[in-house]
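The values are calculated or read from the model by the stated rules, or taken from the named source; none is laboratory data. Not measured: the values here are computed from a predicted model. As a convention, Cβ positions derive from the backbone with ideal geometry for all residues, glycine included, and neighbour counts pool all protein chains shown.
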Amino acid sequence: MCGIMGYVGGDGASGIILNGLAKQEYRGYDSAGIALCLNGEIKSAKVVGRVSALARLVDDMPPECMEARSGIGHTRWATHGGVTVTNAHPHESADKMVTLVHNGIIENSKEIKADLTSKGIDFITETDTEAACQLLAHLYRGDALAAMTCLAKSLVGAFALVIMFKDRPGEIWCARKGSPLVVAYSGGASYCASDPTALLEFTHDLFFLDEGEMAELRPDGCRFFCFDGTRREKESIHLSWDSVMSDKGHYEHFMRKEIEEQPDVLRLTIDTHTILTSVSRERDLNLPVGMMKRVNRVQFVACGTSHYATLVARNIMESLDEEIDVSADVASEYRYRGVRGGDDTLAIFVSQSGETADTLAAARLARSKGTHCIAITNVRGSTIDRETEHTLLSMAGPEIGVAATKTFTGQISLLALLVMQLLKDRGTLSASDEARVIGGMRILPSHVHSILERESEIKSLAEKYSDSKGFFFIGRRECVPLAMEAALKLKEIAYLPSEAYAAGEMKHGPIAMLDEHLTVFAFVPDNDLREKTLSNVEECRARSAPIILLANEGDSSARDHANDVLYIPRTERELFPFTGVVALQLFAYHVARTLRRDIDMPRNLAKSVTVE
Ligand code: G6P
């Protein structure tokens with residue numbers, strides 16, 4: 001939610017900030033703005049729309065603005081107040097002393113506004129952010145640290161704030177509570193951003209602000225403080241990601257590029273983490289000895305696509321150990337459902353970004369109950385990585401497309417390996433299952449490769465069905481989470497009504513919706529549930545719904561049940577989602593492309609959801 005970029009150094013700030021904003025545009029893209037500090041003046045430009053529109057506006061600013069050596073910028077995902085230029089960040093205090101950008105929600109903004117209004121300060125926006133801006137200006141008496149300390153104490157809610165004071169050129173101030181902010185210093189300049197990918201072209205050594213931390217950025221370095229104003233020494237974290245990884249290259253969309261990277265993600269994950277199953281205590285994880293013998297309950301917790309990844313993992317765990325009590329909850333429900341916890345419980349939190357507010361809060365709740373916790377995230381240094389004692393990093397590299405693709409594959413492959421290690425520690429993983437599933441995983445990269453080679457076939461299918469009124473994705477057992485992820489992809493990037501159902505449930509209601517305009521996309525891997533699923537497919541066919549089947553190669557009789565069949569390679573039963581998802585990502589991508597949707601930045605969405 002919202003992308004922030006700040007720079008103070010010896011070069012022109014505007015280009016660096018616009019470039020940093022463009023790299024974080026997937027965080028929010030309703031409106032964008034920049035403020036540049038120049039000769040004791042702060043000049044700003046704001047626009048409804050994308051960073052490209054802001055860049056055009058910056059081109060029209062007075063030429064001397066290009067000389068500014070410090071500035072801050074923002075891309076917005078609106079929470080409080082409509083999408084207007086006035087509500088776009090940066091915001092400026094009435095006395096023009098403070099200019100700031102914000103990511104998060106100030107929950108006591110109404111109270112602050114009422115108080116300051118009664119003191120004669122005029123508010124001009126509908127945002128919660130303006131309250132922080134006006135309050136900081138009100139508190140500021142020439143001592144930035146003192147004013148920041150008071151501000152941090154007065155604000156309730158979540159915030160990453162990046163601030164310039166008009167009378168302090170060459171300084172940028174930051175504060176973080178609840179929303180991510182990363183700081184870097186390199187070669188006579190300091191930077192801050194919401195997302196590390198925006199800083200990798202300058203340095204790989206990054207300072208991730210902790211909860212309740214502030215920073216002062218200057219061209220000659222950064223200083224860190226607690227909210228009470230005391231100095232804090234901070235270690236940088238080295239991020240090995242390559243900045244080229246977040247380039248689109250020759251691809252039309254990041255999403256398409258990221259779909260294609262999946263064989264590498266699988267290979268890297270399996271090569272790096274097969275050690276998970278070959279030793280009982282993995283180095284990164286360092287779980288307490290004997291923990292899995294004590295644990296009799298495993299809880300997976302996540303949001304969105306990460307939740308569907310945990311459903312895949314839950315099914316694998318159940319398939320390999322019929323005794324274990326395993327659940328998978330969405331984080332926003334886990335928090336309020338009164339779930340059990342303690343020393344006999346292991347909770348596994350999965351978050352691509354490591355910053356999703358609900359997942360973080362759920363993990364904090366579990367820790368407070370004494371539950372053993374493991375986090376899986378794609379971002380080293382993210383909040384969940386720093387807050388959770390045992391973290392495993394997925395190996396997907398930066399993902400820019402808002403719709404998750406390769407991070408899902410990274411998560412499910414890592415989760416499958418983790419599940420096997422945990423069951424091995426528990427003494428319930430049979431050697432034959434271990435060999436079977438690991439063996440099956442090793443050939444996944446080549447299977448995914450062969451699906452990518454069928455893109456033109458998938459594209460034709462997508463074009464043929466893109467005028468469908470909507471879609472039902474149906475399947476059984478391991479195919480249910482796959483159906484959910486497929487439906488989500490189509491909603492996210494094609495804006496088409498799409499539902500996922502356990503195939504056996506169709507007749508209990510949804511079948512009433514079917515006619516020749518609603519397409520049913522059914523998954524029928526060649527396994528023990530094939531015939532039952534095909535019976536459900538026939539029930540849909542009898543109601544005139546066009547049918548597409550996702551079936552295993554060699555299943556020629558699948559054609560008797562469908563208008564179209566998409567064939568994918570055979571896998572071990574538990575692994576069907578690993579290959580199926582790639583075909584379905586490509587299908588969603590080409591439907592969205594046919595409908596001319598904004599695939600990398602779908603309307604109303606943000607990649608990282610840092611509000612509850
Ligand atoms: C948002 C994104 C989804 C993502 C979900 C969870 O809703 O749009 O693509 O799956 O957040 O994100 P996380 O970073 O926790 O995996």
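When His74, His89 are checked against the criterion of being surrounded by 24 or more Cβ atoms within 10 Å (Cβ to Cβ), modelled with pLDDT of 90 or more and in a loop (DSSP other than H, G, I, E, B), a single residue qualifies: His89. Restrict the check to segment 302-314 and report whether at least one residue is crowded, with 20+ Cβ neighbours inside 10 Å, more than 27 Å from Glu572 (Cβ to Cβ), within 14 Å of the ligand (Cβ to nearest atom) and of a type outside the set (A, V, I, L, M, F, W, C). For segment 302-314, residues crowded, with 20+ Cβ neighbours inside 10 Å, more than 27 Å from Glu572 (Cβ to Cβ), within 14 Å of the ligand (Cβ to nearest atom) and of a type outside the set (A, V, I, L, M, F, W, C): absent.
Restricting attention to segment 350-375 and to residues that are closer than 20 Å to Arg426 by Cα and buried (at least 22 other Cβ atoms within 10 Å of the Cβ), the residue that is farthest from the ligand (Cβ to nearest atom) turns out to be His372. Restricting attention to segment 527-558, the residues that are part of a helix (DSSP H, G or I) and over 23 Å from Glu505 (Cα atoms) add up to 2. Do we have Ala403 as aliphatic (A, V, I, L, M), within 21 Å of Glu572 (Cα to Cα) and either within 16 Å of the ligand (Cβ to nearest atom) or out of contact with any helix residue (DSSP H, G or I) (no Cβ under 6 Å at 6 or more places or on another chain) (or both) here? Considered against the rule, which asks whether it is aliphatic (A, V, I, L, M), within 21 Å of Glu572 (Cα to Cα) and either within 16 Å of the ligand (Cβ to nearest atom) or out of contact with any helix residue (DSSP H, G or I) (no Cβ under 6 Å at 6 or more places or on another chain) (or both), Ala403 comes out as no.
Within segment 444-464, none of the residues are on the phi > 0 side of the Ramachandran plot and either assigned to a loop (DSSP other than H, G, I, E, B) or free of Cβ contacts under 8 Å to residues at least 12 places away in the same chain (or both).
You will find that of Arg76, Arg69, the residue that is within 21 Å of Thr125 (Cβ to Cβ) and either over 30 Å from the mean Cα position of the chain (by Cα) or basic (Lys, Arg) (or both) is Arg76 and no other.
The set of residues from segment 321-340 being among the small types (Gly, Ala, Ser), more than 11 Å from the ligand (Cβ to nearest atom) and touching a His at 6+ places or on another chain (Cβ under 9 Å) comprises just one member, Ala328. Within segment 171-182, residues that are closer than 16 Å to Phe225 by Cβ have Cβ atoms under 6 Å from residues that are among the β-branched types (Val, Ile, Thr) in these pairs: Ile172/Val8; Trp173/Ile163; Cys174/Val162, counting only partners at least 6 apart in sequence or on another chain.
Flag: Pro577 matches the condition of being in a helix (DSSP H, G or I), within 16 Å of the ligand (Cβ to nearest atom) and buried (at least 21 other Cβ atoms within 10 Å of the Cβ). Tallying residues that are closer than 19 Å to Val402 by Cα and hydrophobic (A, V, I, L, M, F, W, C) within segment 306-321 yields 1. Within this structure, Ser394 fails the test of being near the ligand (Cβ under 9 Å from one of its atoms) and surrounded by 21 or more Cβ atoms within 10 Å (Cβ to Cβ). Here Ile438 does not fit the description of being more than 14 Å from the ligand (Cβ to nearest atom), touching a strand residue (DSSP E or B) at 6+ places or on another chain (Cβ under 9 Å) and closer than 22 Å to Pro577 by Cβ.
Look at (1) surrounded by 22 or more Cβ atoms within 10 Å (Cβ to Cβ); (2) within 16 Å of the ligand (Cβ to nearest atom); (3) outside the structural domain of Gln352 (by TED's automatic domain parsing); (4) touching a residue at least 60 places away in the same chain (Cβ under 8 Å) and you find that Glu478 fails only one, number (2). Filtering segment 588-612 to residues that are of a type in the set (S, T, N, Q) and under 28 Å from Ala362 (Cβ atoms) leaves Asn604, Ser608, Thr610. Ile511 falls short on exactly one of the conditions (1) hydrophobic (A, V, I, L, M, F, W, C); (2) part of a helix (DSSP H, G or I); (3) in contact (Cβ under 8 Å) with a residue 40 or more places away in the chain; (4) farther than 24 Å from Ser456 by Cβ, and that condition is (3). Test Gly554 against the stated conditions and say whether it is more than 21 Å from Glu485 (Cβ to Cβ) and either surrounded by 24 or more Cβ atoms within 10 Å (Cβ to Cβ) or more than 16 Å from the ligand (Cβ to nearest atom) (or both). In short, yes. Here Cys222, Cys192 are screened, and the one residue that is in contact with an Asp or Glu (Cβ under 9 Å, 6 or more places away or on another chain) and outside the structural domain of Ala403 (by TED's automatic domain parsing) is Cys222. Across segment 91-122, the number of residues qualifying as at negative phi, in contact (Cβ under 8 Å) with a residue 60 or more places away in the chain and touching a Gly at 6+ places or on another chain (Cβ under 9 Å) comes to 3.
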